[in-house]
Amino acid sequence: MTNFQTLASPYAERFLNQIREESRDGRGVSRQGYGPHEQYVHDLVISEAKRLNMEIEIDPAGNL
């Protein structure tokens, strides 16, 4: 494992666990398009991107 992977792994695990918990549907993980779970993930990604001082763009179709 590279140094970057070692440093990024806990962050990625926490981030993906948050998405998994919000998107759990009993059988697995899914998010219906334009629904509340998809919006939760968009909001989470936007929040993390802002925290990391990343640019955020959303197209007319709502894609991040």
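Mind listing just one residue for me: the one in the stretch 36-60 that is among the hydrophobic types (A, V, I, L, M, F, W, C) and assigned to a helix (DSSP H, G or I) and, of those, farthest from ASP25 (Cα to Cα)? Within the stretch 36-60, the match that is farthest from ASP25 (Cα to Cα) is ALA49. Among residues of the stretch 1-33 being assigned to a loop (DSSP other than H, G, I, E, B) and loosely packed, with under 10 Cβ neighbours inside 10 Å, the one that is modelled with the highest pLDDT is THR2.
When the residues of the stretch 44-64 are filtered to those that are under 17 Å from TYR11 (Cα atoms) and loosely packed, with under 12 Cβ neighbours inside 10 Å, which remaining residue is nearest to the chain's Cα centre (by Cα)? Can you show your working first?
Let us first name the residues in the stretch 44-64 that are under 17 Å from TYR11 (Cα atoms), namely 44-54.
If we keep only those that are loosely packed, with under 12 Cβ neighbours inside 10 Å too, we end up with 47, 50-54.
On the way: SER47: 9, LYS50: 13, ARG51: 13, LEU52: 14, ASN53: 16, MET54: 14 Å.
Applying the filter and picking the extreme gives SER47.
The values are calculated or read from the model by the stated rules, or taken from the named source; none is laboratory data. Everything quoted here is computed from the prediction, not taken from an experiment. Neighbour counts are summed over all protein chains in view; Cβ atoms, including those assigned to glycine, are modelled from backbone coordinates with ideal geometry.
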